[in-house]
Amino acid sequence: MSESVPGPGPRRTEAEVLARVERARRRPARLVDERITMAHGAGGKATQALVEAVFLERFRNPALEPLEDGATLSLRSARLAFSTDSFVVSPLFFPGGSIGELAVNGTVNDLAVSGARPLYLSAAFVLEEGLLVTDLERIVAAMASAAESAGVAVVTGDTKVVERGKADGCYITTTGIGALDRPIELGAAAARPGDAVVVSGPIADHGVTVMLARGGLDLAAEISSDTAPLGDLVARVLDAAPGVRWMRDATRGGVATVLNELASAAGLAVLLDEAAIPVRPQVAGACELLGIDPLHVACEGRFVAVVEPSDAPAAIDALRSHPRGEGAALIGEIAAEPPGLVLMRTAFGGTRVVDTLVGDPLPRIC
Ligand code: MG
């Protein structure tokens, strides 16, 4: 081993060289560009600066820091939940959040309602040439803070850049792993006639907020997205009510769609009580103007649970004791007949079929 390392400038001792390397390693990376360019996706110096200054800076954790091809994780649980989701919401920012919160909370919540404790996320970004770096930084900061409140770490990721006009600013795909610590088997097959159907809070806030944020509707309402991580809330319900049989977060397609999926998978009916379904008055008003049923509108921080009847009061109390479940309500029950259908007793005393969302009246909502 030589005592010094040849290089530009005066000869330095090995210790001096190592100290310089160490200083360079510790120096916070900086990104001087104002906008994303094709070079940021080319895999060279610009990509490196983007990854270090924007992503590593915010997501820093021991699994991500080596920036290897894959993160090395240690998991104690032998049973894992694994989920993935892409986010293409337009606009990127809206009251109550951004594509950043959605990308973290969406995947975290799919893990949580599977009964898992969310642990790790990957994040893959497709960026459009010309995207403002300050906008990307806001999105990444929102992801980092959502990940922190959900108790997950972003441990691996990818960035690609496409030409101007070939994407809409930023698309994000997140994949998550969670540990199934509890000895429970959730699923439609566990539902029984007589079970209670519970929702964790007012529905349709997210979808209506995004629709209004797009403008073009002469409607101003004080509504913001409900995007939030649900891991804590789900854990609280599972602790208080071991008789939870099935859970889903009511995202795209809304409460109606997840309940229809439940009804057909279980071969049972869901009977809803319209008067019991929590919808904020301003959200109900906006839905009426838009001609859509709040039951078909996406939430990003609400879930629906089917609970054994004797455990329903405990589940509702547990929900209401948490700030994210304050508006929880018992909205209906499971019945044997008619199998595969969701029916609703209306406020006028009639009964109507609540169908799965057909087509896409609310595109690019998440
Ligand atoms: Mg889901």
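Since every read-out is calculated from the coordinates, none of them should be taken as a lab result. Keep in mind it's a predicted model, so treat the numbers as computed, not measured. Every residue, glycine among them, receives a Cβ derived from its backbone with ideal geometry; neighbour counts consider all protein chains shown.
Data for the structure
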read-out	value
Contour minus Cα-Cα distance for Glu261 and Leu75 (0.36 nm per residue)	63.8 nm
Spin-label pair Leu219/Val162, simplified geometry with 7 Å Cα→Cβ offset, distance in nm	3.0
Alpha-carbon centroid distance for the pair region 146-161 / region 334-353, whole angstrom	41
Full-extension gain in nm, Lys45 to Asn61, via 0.36 nm per residue minus C-alpha separation	3.5 nm
Cα-based shape type of the chain, given that a ≥ b ≥ c are square roots of the gyration tensor eigenvalues and the cut on a/c is 1.5	prolate
Most fluctuating residue given options Leu212, Leu230, Leu75, as computed from a GNM of the chain linking Cα atoms under 10 Å	Leu75
Inter-label distance for Ser90 and Ser149, nm, one decimal - labels placed 7 Å from Cα along Cα-to-Cβ	2.8
Dipole magnitude of the chain about its Cα centre (Cβ charges: Lys, Arg +1; Asp, Glu -1), debye to nearest 20	900
Surrounding net charge for Ala228, when Lys and Arg each add one and Asp and Glu each subtract one, Cβ distance under 11 Å	-4
For region 188-353, average projected area of the Cα convex hull in nm²	9.2
Among Val32, Val208, Val234, residue whose mean-square fluctuation peaks in a GNM of the chain (springs only between Cα atoms under 10 Å)	Val32
Spin-label zone in region 128-156 - amide nitrogen under 19 Å from a point set 7 Å from the Cα of Ala29 along the C-beta vector	128-145, 153-156
Neighbourhood charge, 14 Å Cβ-Cβ cut-off, centred on Asp355 and excluding it, Lys, Arg +1 and Asp, Glu -1	-1
Taking His296, His322, His40, His206 and counting other C-beta atoms within 10 Å, the order from fewest to most	His322, His296, His40, His206
For region 72-183, the Rg and Dmax computed from alpha carbons only, in angstrom	14.6, 49
Charge-dipole axis of the chain as Lys and Arg at +1 and Asp and Glu at -1 on Cβ define it, positive-most pick from Pro118, Thr356, Pro91	Pro118
Mean residue ellipticity (222 nm) of the chain, computed from DSSP H runs ≥ 4 via -39,500 (n - 2.57), nearest 500	-8500 deg cm²/dmol
Two-site FRET efficiency, Thr356 against Ala189, from Cβ-Cβ distance with R₀ of 25 Å, rounded to 0.05	0.80
